[in-house]
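Values in this text are rule-based calculations from the coordinates and carry no lab data. Keep in mind that this is a model prediction, so the values were computed, not measured. Here Cβ is always computed from backbone atoms with ideal geometry, including for glycine, and neighbour counts include all displayed protein chains.
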Ligand SMILES: Cc1cc2nc3c(=O)[nH]c(=O)nc-3n(C[C@H](O)[C@H](O)[C@H](O)COP(=O)(O)OP(=O)(O)OC[C@H]3O[C@@H](n4cnc5c(N)ncnc54)[C@H](O)[C@@H]3O)c2cc1C
């Protein structure tokens, strides 16, 4: 390629970087995107959102065929798990989608430079490619290098017996005993996959609750549901050491606050204690780009770092580490670079756990509002009273809407139940438009739908649900 010149060079082709590249190209900029992986799409498409959802879907079907169809009057005989076929389907989904991004790059005339990039100076990125170093010059640089799994001291990852989420997406056999370290959404999703496929799963969590950040009431119900499904929890417990043995792995556990240790033996350990920004070898220090004390790149309201012309978005900057947050930042940042005004509404970013039932939340939790001293009203409606949930026999969970006590404006919503991740978007859109709970309550909802539970929760904010 030799030396090349662009308006914008993006480092990293995850949902933040590739979407920013497409939006910038739509706005007429000449764009290059540097990506070190052999495929586009970043963590999300290759080893994150997409393969995990593919396995969640397959394992849910297996679980349903084993235990869920009889009540519908359907009996299944000779059911068999073909794990290689299940993993191959997941790989095909990934391949199709990453290929789709390559198509979009071609369509938008974006140059993909396959190699590892580093910021050499303002306006200059040097890429180590298979064919040697390439210098890429651009008016603007956008860093979208994402994140990596957080390591756990005393526990060495080999991606076979002691794995991160990446290894957990391709275990060649169903482990008899799986220990998941960390009760965040990644650990619980992957724990659910392998539990459905036959593993005995124990989740070890440092805190005394699961899914920190989720509404407390939802988290409690979530824990109860997962326990009913067969997952075991050791909360308030830390893992201090992992020792590999011929038979598997021995984990040393200790109460979070210190005390007597115990040994937990298993076949596979999944370390899922969080993710950290990935900025290694990017040359940030040499150009003077500042990071905070946790390694996240500091940016201003226009996604610009402290160095003019160098921007950053996605998992490598502060905020929720979610693909759609990275995408929205990518769009807004590209628009700002192209001279437009744009922003991201961080108060209306949904978070979803794709277990069964799903768990979803947006905006503030009761706990946060109490801490902020905001007075609010809560409306709740259980799926046991929703006709569609009754018909599908998926009545676990509830919808909870939190509205400002004075203005009735929706401040947050939290759902555990069937299709929670889809249902939440009705409220996300409402919040974007500054909806009051009454606006949702007075909106005509189709019958019989799960969305009627959202309407009823909004009615319940005013103390007048109809079906309970
Ligand atoms: C198992 C798992 C499940 C997940 N599920 C969900 C989900 O359901 N929903 C959701 O919203 N989020 C989910 N996430 C999180 C989501 O994947 C991330 O939030 C998202 O990918 C962040 O996007 P990004 O563009 O910031 O970075 P990434 O997707 O991490 O992409 C960054 C890219 O930059 C490349 N790169 C890094 N450094 C360099 C360099 N120097 N030169 C060249 N290339 C470089 C990397 O190879 C990578 O491809 C999940 C994550 C995991 C691990």
Requested in this report: Using R₀ = 25 Å, calculate the FRET efficiency as 1/(1 + (r/R₀)^6) where r is the Cβ-Cβ separation of residue 71 and residue 449; round to 0.05.
Outcome: 0.70
Query raised in the report: residue 61 to residue 158: extension gain in nm, 0.36 nm per residue of separation minus the Cα-Cα distance?
Result: 31.9 nm
Query - 20 Å reach of a label modelled at residue 206, 7 Å along Cα-to-Cβ, counting backbone N of region 238-253 - result: 238-243, 251-253
Requested in this report: May I ask you to derive the relative contact order of region 391-468, considering only C-alpha pairs under 8 Å and at least 6 residues apart, and to give it as an integer percent?
Outcome: 28 percent
Query - Mean separation of Cα contacts under 8 Å, 6 or more apart, over the residue count of region 183-260: relative contact order % - result: 28 percent
Query raised in the report: Sorted from fewest to most neighbouring beta carbons within 10 Å, what does the list 55, 226 look like?
Result: 226, 55
Query raised in the report: Is the shape of region 203-245 rounded, prolate or oblate, going by the alpha carbon gyration tensor and its root eigenvalues a ≥ b ≥ c, with a/c under 1.5 for rounded and a/b larger than b/c for prolate?
Result: oblate
Query raised in the report: In what order do 200, 315, 347 fall by count of nearby beta-carbon atoms within 10 Å, going from fewest to most?
Result: 347, 200, 315
Report task. In nm, give the distance between the simple-model label positions of residue 438 and residue 306, each being 7 Å from the Cα along the Cα-to-Cβ direction. Result -> 4.9 nm
Query raised in the report: Roughly speaking, what is the stretch gain from residue 346 to residue 468, that is 0.36 nm per residue apart minus the C-alpha to C-alpha distance, in nm to one decimal?
Result: 40.5 nm
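Which length gain, in nm to one decimal place, applies between residue 4 and residue 257 when the Cα-Cα distance is subtracted from 0.36 nm times their residue separation? Kindly include the intermediate steps, with their values, before the conclusion.
Working: separation 253, 0.36 × 253 = 91.08 nm, distance 5.58 nm.
Taking 0.36 nm per residue and subtracting the Cα distance, the gain is 85.5 nm.
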Query - Order by protection proxy (mean Cβ within 10 Å, highest first), peptides 442-449, 22-29 - result: 22-29, 442-449
Requested in this report: Can you put 321, 393, 190 in order of Cβ neighbours within 10 angstrom, beginning with the fewest?
Outcome: 393, 321, 190
Query - Relative contact order (%) - criterion: Cα under 8 Å, at least six apart; region: region 155-221 - result: 27 percent
Query - Distance histogram in 5 Å bins (all Cα pairs of region 222-355, percent per bin) - result: 2, 8, 13, 14, 13, 11, 11, 10, 9, 6, 3, 1, 0
